[in-house]
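K.L.:
My questions will all concern the structure given below.
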Amino acid sequence: MPNLIFISFCVTIAALGVFLLAKVQKLKEKEKQISSLKSSLEEMDEQAKLIMRTDMELNKTQEELDKKISGLDILQKLSKDISTTLEEKQIFRKIGSEYLEELGFEKSFAFLWNDLKREFYVCLSLGYDETEPEKVKSSVNKDKGYYLELISSGKTASSVFTPDNFLTKEKVCNIYQVRSFIICPIPAQEGDQGFIFVGTQNIETHITEGEQELITILANQIGQTLDNARLFEKTWRSQQELEIKVEERTRQLSQALDEVGKVSKRKSDFISSVSHELRTPLTSIKGYAAILLAGKLGAVPEEIRIRLEKINRHSDELVHMVNDLLDISRIESGKVNMKLETLDLNYVAEKVADLLSEQLKAKNIAFGINIPEDCRNILADRSQIERVFINLAGNALKFTPENGKININAHRSGRVIQVDVTDTGFGIPEDAQGKLFQEFFRVENAINQEVKGTGLGLALVKHIIEAHQGRIWVKSKLSEGSTFSFTLNAA
Ligand code: ADP
């Protein structure tokens with residue numbers, strides 16, 4: 001019996017042991033499960049924290065982005081507003097009027113460097129009372145070395161970042177009475193450079209990278225606008241100077257012209273009176289020579305007759321020259337009225353060809369006239385235009401060797417008729433062409449040693465053409481020939 005009890009006790013104990021073992025096993029499993037749950041919970045907690053942190057950061061970034069966008073928006077408006085401003089003071093007045101406060105800075109300054117005075121001057125001050133800008137200015141000028149270095153380095157200083165060798169954050173805050181700030185150089189190509197300062201007393205405000213970027217953009221914009229204004233000022237000033245110079249030169253020129261006019265009138269008067277004075281004795285000389293030649297004072301021996309004929313010929317040339325001189329001076333002084341009438345250009349040209357026919361034949365020179373129908377009728381003074389043709393065709397004849405050609409051509413453009421007198425003569429050296437129409441000018445060459453002349457013909461022709469509101473010019477090549485062209489009005 002006791003054995004049975006013992007056995008049943010043992011079985012019970014064993015069963016209990018097995019049961020307990022199973023329980024312990026289960027407990028261990030539960031424990032395992034709890035610890036894995038714990039670590040999952042911790043992980044989740046970690047993740048939740050991360051999500052919260054990310055969310056906060058996202059919010060901050062969003063906030064900054066919003067700030068940046070609104071800042072850029074303000075800058076765009078400002079840029080539009082000042083870009084057309086061409087006066088330095090007005091540029092800063094506009095910036096100060098609203099924009100800087102809108103950007104979130106209640107205190108600001110703009111300083112520019114005056115190179116002559118070697119000091120900074122205030123262009124803008126916002127958020128300070130009347131006496132403070134002077135104080136800030138004197139302290140800025142005391143530390144001008146720092147600011148000049150900052151400007152030349154092109155770096156931005158702020159309460160978050162101050163470059164090497166710049167004033168300490170505490171000192172800047174103290175000078176400008178702010179808690180956070182940005183100082184940014186104004187880069188200008190033209191004239192004085194400077195810097196812009198913005199700051200706030202708000203302890204909450206922390207200067208961000210975005211704000212620094214915005215102020216840098218603003219400073220660049222100011223620099224560009226200042227450049228524009230200064231360039232405009234420069235251009236405007238040089239234009240003013242130019243206008244003054246032009247006015248002065250015009251005045252001098254008109255004085256000189258007056259003087260030239262007076263001298264020219266004196267010259268014309270002189271030539272005119274001398275010519276008149278010469279005419280009378282010349283007429284007498286010619287008269288006496290004619291009487292002597294006619295034998296009215298007795299028979300004239302052959303030798304004397306030859307000399308008398310020379311006197312007669314030279315007198316004719318002199319009369320011719322005196323007449324030309326008189327005409328030039330009379331046309332110059334406006335004493336000759338051109339009697340304009342409708343003329344047949346072809347008729348004038350043929351008349352001249354007729355007049356020169358003997359000499360043309362003697363030198364075997366062909367004379368061609370080509371005047372189209374629409375160029376026939378011109379408005380001109382008959383006798384004066386005949387002189388033009390005689391002079392030009394006469395010269396062509398004089399300066400063209402035997403067997404050459406002379407042509408008179410015309411063409412029309414609108415109401416203007418251009419006449420060209422072309423020859424195949426000796427031509428005129430280039431350096432002489434510009435002086436041809438001056439009085440008494442003759443080309444110095446061997447041909448002119450033989451060919452007689454006064455150098456007055458072309459001067460007279462030019463005066464006549466100009467009195468008809470026309471122009472005259474020459475094109476010539478040595479050994480090839482010359483073309484004298486002039487214009488007249490169509491009838
Ligand atoms: P002149 O014929 O009396 O010398 P002009 O005033 O008519 O005076 O001409 C001035 C000069 O221009 C002439 O001396 C001559 O050297 C040059 N000249 C004019 N016409 C011609 C021409 N058709 N060919 C070459 N030279 C010319």
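Derivation of every value follows stated rules applied to the coordinates shown; laboratory data play no part. Here the structure is a predicted model, which means the values were calculated and not measured. Ideal geometry is used to build each Cβ from the backbone, glycine not excepted, and the neighbour counts take in all protein chains shown.
K.L.:
As an exercise, identify the trypsin sites (Lys or Arg not before Pro) in the range 243-296 lying in DSSP coil whose Cβ has no more than 15 other Cβ atoms within 10 Å.
P.N.:
Those satisfying the criteria are LYS296.
K.L.:
If you take every residue apart from GLU57 with its C-beta less than 11 Å away from the C-beta of GLU57, what net charge results, scoring Lys and Arg +1 and Asp and Glu -1?
P.N.:
So the surrounding residues net to -1.
K.L.:
Quick one: of LYS286/LYS452; LYS267/LYS398; LYS265/LYS286; LYS339/LYS477; LYS142/LYS171; LYS80/LYS155, which pairs are farther than 24 Å apart, Cα to Cα?
P.N.:
Those over the limit are LYS267/LYS398; LYS265/LYS286; LYS339/LYS477; LYS80/LYS155.
K.L.:
Multiply the residue separation of LYS32 and GLU341 by 0.36 nm, subtract the distance between their alpha-carbon atoms, and state the gained length in nm to one decimal.
P.N.:
Stretched fully, the LYS32-GLU341 segment lengthens by 98.0 nm.
K.L.:
Limiting things to C-alpha atoms, what are the Rg and the maximum Cα-Cα separation (Dmax) for the range 1-156, in angstroms?
P.N.:
Calculated on Cα positions, Rg and Dmax stand at 39.1, 129 Å.
K.L.:
Sticking with this structure for a sec: To the nearest 10 degrees, how steeply does helix 132-142 sit against the main Cα axis of the chain, on a 0 to 90 scale?
P.N.:
80
K.L.:
Using the 2.2 N^0.38 Å rule of thumb for compact globular proteins, work out how the range 88-237 stacks up: its C-alpha Rg over that value, please.
P.N.:
Dividing the Cα Rg of the range 88-237 by 2.2 N^0.38 Å gives 0.98.
K.L.:
Between LEU58 and HIS206, what is the FRET efficiency for a Förster distance of 22 Å, r being their Cβ-Cβ separation, to the nearest 0.05?
P.N.:
That gives a FRET efficiency of 0.80.
K.L.:
Could you order the peptides 390-402, 66-78 from most to least packed, using the average number of other C-beta atoms within 10 Å per residue?
P.N.:
390-402, 66-78
K.L.:
Treat each spin label as a single point 7 Å out from the Cα along the C-beta direction, and report the GLU106 to LEU293 distance in nm.
P.N.:
About 11.7 nm separates the two model spin labels.
K.L.:
Looking at the chain, what % of the alpha carbon pairs are farther apart than 28 Å?
P.N.:
More than 28 Å apart: 74 percent of the Cα pairs in the chain.
K.L.:
Let me ask another. Give, in nm to one decimal, the length gained when the segment between ALA362 and ASP81 is fully stretched (0.36 nm per residue of separation minus the Cα-Cα distance).
P.N.:
Residue separation times 0.36 nm, minus the Cα-Cα distance, leaves 92.5 nm.
K.L.:
Next question, about the same structure. Mind jotting down the distance between the C-alpha centroids of the range 329-380 and the range 35-105, whole Å?
P.N.:
Answer, in whole Å: 91.
K.L.:
Right, another one. Would you please give the FRET efficiency between LEU65 and GLU134, computed as 1/(1 + (r/R0)^6) with r the Cβ-Cβ distance and R0 = 41 Å, to the nearest 0.05?
P.N.:
0.55
K.L.:
Moving to a separate point now. Cα atoms only, the range 337-489: Rg and Dmax in Å?
P.N.:
So, for the range 337-489, Rg and Dmax equal 14.8, 43 Å respectively.
K.L.:
Show the residues, 5+ positions off or on another chain, whose built amide H is closer than 5 Å to the amide H of LEU124.
P.N.:
Here the answer is ALA110, since their amide H atoms fall under 5 Å of that of LEU124.
K.L.:
With each pseudo-label sitting 7 Å past Cα toward Cβ, what's the LYS405-LYS142 distance in nm, one decimal?
P.N.:
The two pseudo-label positions are separated by 9.8 nm.
K.L.:
Could you put GLU209, GLU358, GLU132, GLU332 in order, starting from the residue whose Cβ has the fewest other Cβ atoms within 10 Å?
P.N.:
In increasing order of surrounding Cβ atoms, one gets GLU358, GLU209, GLU132, GLU332.
K.L.:
Take TRP113, TRP236 and order them by how many other Cβ atoms sit within 10 Å, fewest up front.
P.N.:
TRP236, TRP113
K.L.:
At 7 Å along Cα-to-Cβ for each site, give me the label-to-label distance between ASP374 and SER273 in nm.
P.N.:
Label-label distance for ASP374 and SER273, simple model: 5.2 nm.
K.L.:
I've got another one for you. Could you calculate the contour length gain from GLN177 to PHE161, that is, 0.36 nm times the residue separation minus the distance between their Cα atoms, to one decimal place in nm?
P.N.:
Additional length available on full extension: 4.0 nm.
K.L.:
Calculate, for ASP316 and SER254, the FRET efficiency according to 1/(1 + (r/R0)^6) with r their C-beta to C-beta distance and R0 51 Å; round to the nearest 0.05.
P.N.:
Calculated transfer efficiency: 0.70.
K.L.:
Turning to a different aspect of this structure: Whole angstrom only: what separates the Cα centroid of the range 157-235 from the Cα centroid of the range 421-491?
P.N.:
The range 157-235 and the range 421-491 have Cα centres spaced 74 Å from each other.
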